[in-house]
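The values are calculated or read from the model by the stated rules, or taken from the named source; none is laboratory data. Worth saying up front: this structure is predicted, and the values here are computed from it rather than measured. Because the Cβ atoms are built from the backbone with ideal geometry, glycine has one as well, and the counts that use them run over all protein chains shown. What goes into the accessible areas is simple: the full protein's heavy atoms, side chains included, and nothing from ligands, DNA or RNA. Shrake-Rupley method; radii C 1.70, N 1.55, O 1.52, S 1.80 Å.
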Amino acid sequence: MPAYLSAVLPTATAPAGEGITTIADPLMWGLTIAAVIGLLVMDFVVTRKPHEVSMREAIGWSTFYIALPLAFGGWIWSQFGQQTGVEYLTGYLVEKSLSVDNLFVFMLLLSAFAVPAVLQQRVLLFGIVGALVLRGIFIAVGAAVLANLSFAFLIFGAILLATAVKILRDQTSGASHDVDVANMRSVKLIRRFMPVTDDYRGPRLSVVENGRRMLTPLAVVVVAVFATDVVFAVDSVPAVYGITGDPYLVFATNAFALLGLRALYFVLQGALSKLVHLGYGLAAILGFIGVKLVLHWAHGVWPGVPTIPTLWSLLAIVAILGIVTATSLYATRGGTGDAEESAHVAEPPARQH
């Protein structure tokens, strides 16, 4: 895959259809993928014994998973130059912002399924693995689309603009409150074909009772998490392709943004519900990147059309996040906030037993 992608993927600064070489050779791809797998294995080892996560533990792991991608970004900057470094850092910031939205939905899922505190980080880890796999698929598909369709940037731009409008509409109308996991197709399908136990059985996804295999509620909530991962992959991959055309950077920013979610969830668990305006910020960011992609496509057709430099994108995204964080904290001062007002995915679940 890496050799094919590096040969055919168009850059974010050249007209669609012009192939380039990415910064990563097959060895770099292999080492990066091995490192991601190693980090996931480490996380599974850490969570092998169910336990409640202390704030000290969560802050420690969060610090590690923020320092690691920033250090890697510094290395990218030093080895491949300022432009590539800015693309990486901007892409990482976009993906981290979108991954925080993942956390809102994970919070609702864990609450709705009454997942015991000792099992919550295992559910989050399954969700992260599912998100990585799905985004890897979307990254490869996106690369193929960009390589073979001259108007691919227009398509991606349209997807992001439509997503931005949906998020904005849900945020202003409160449509995201109308959630019912009992009617989620994925949950209904799994319960139709497999019986489910009435209670959790530790970290096990299935058990054998009275001679038949049964799923536990943990398996059902994992399926629900996977279903929401699909929604987020549709948002995130086109968004980061709007920042950089290098599939390696797209993969790296997605992987680093997702790997730290397990620990970040427990650090931000209380603060998440106060970010009631995050939906507006995400809509603005996705709309901005959608316009950037459309302008890029138009520039390839009509060279006189201006484009938006990546550095401007970075500054705009930082400003948007700063504004919505400040307004959210002001709006929820003295209160507790509402996590549902911040989540834009309309399929977090109702309790299933």
May I have the convex hull volume per residue, in Å³, for the Cα set of segment 20-155? 139
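For an R0 of 25 angstrom, estimate the FRET efficiency from the Cβ-Cβ distance between L189 and V41 and round to the nearest 0.05. The partial results should precede the final answer.
Details: r = 30 Å, r/R0 = 1.19.
Using R0 = 25 Å, I get an efficiency of 0.25.
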Calculate, for segment 70-174, the solvent-accessible area per residue in square angstrom, rolling a 1.4 angstrom probe over the heavy atoms of the protein chains. 35
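Per residue and in Å³, how big is the convex hull formed by the alpha-carbon atoms of segment 51-125?
Values: hull volume 6.3 nm³, N = 75.
That works out to 84 Å³ per residue.
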Under a crude label model (7 Å from the Cα following the beta-carbon direction), how far is V305 from A331 in nanometres? 3.3
For segment 24-126, which whole-number percentage of the solvent-accessible area (1.4 Å probe, protein heavy atoms only) is attributable to carbon and sulfur atoms? 70
Among the lysines, select those whose C-alpha is under 18 Å from the C-alpha of K96, and discard any that sit fewer than 8 residues away in the same chain. K274
Extension length gain for F151 and A71 (0.36 nm per residue less Cα distance), in nm, is 25.3 nm
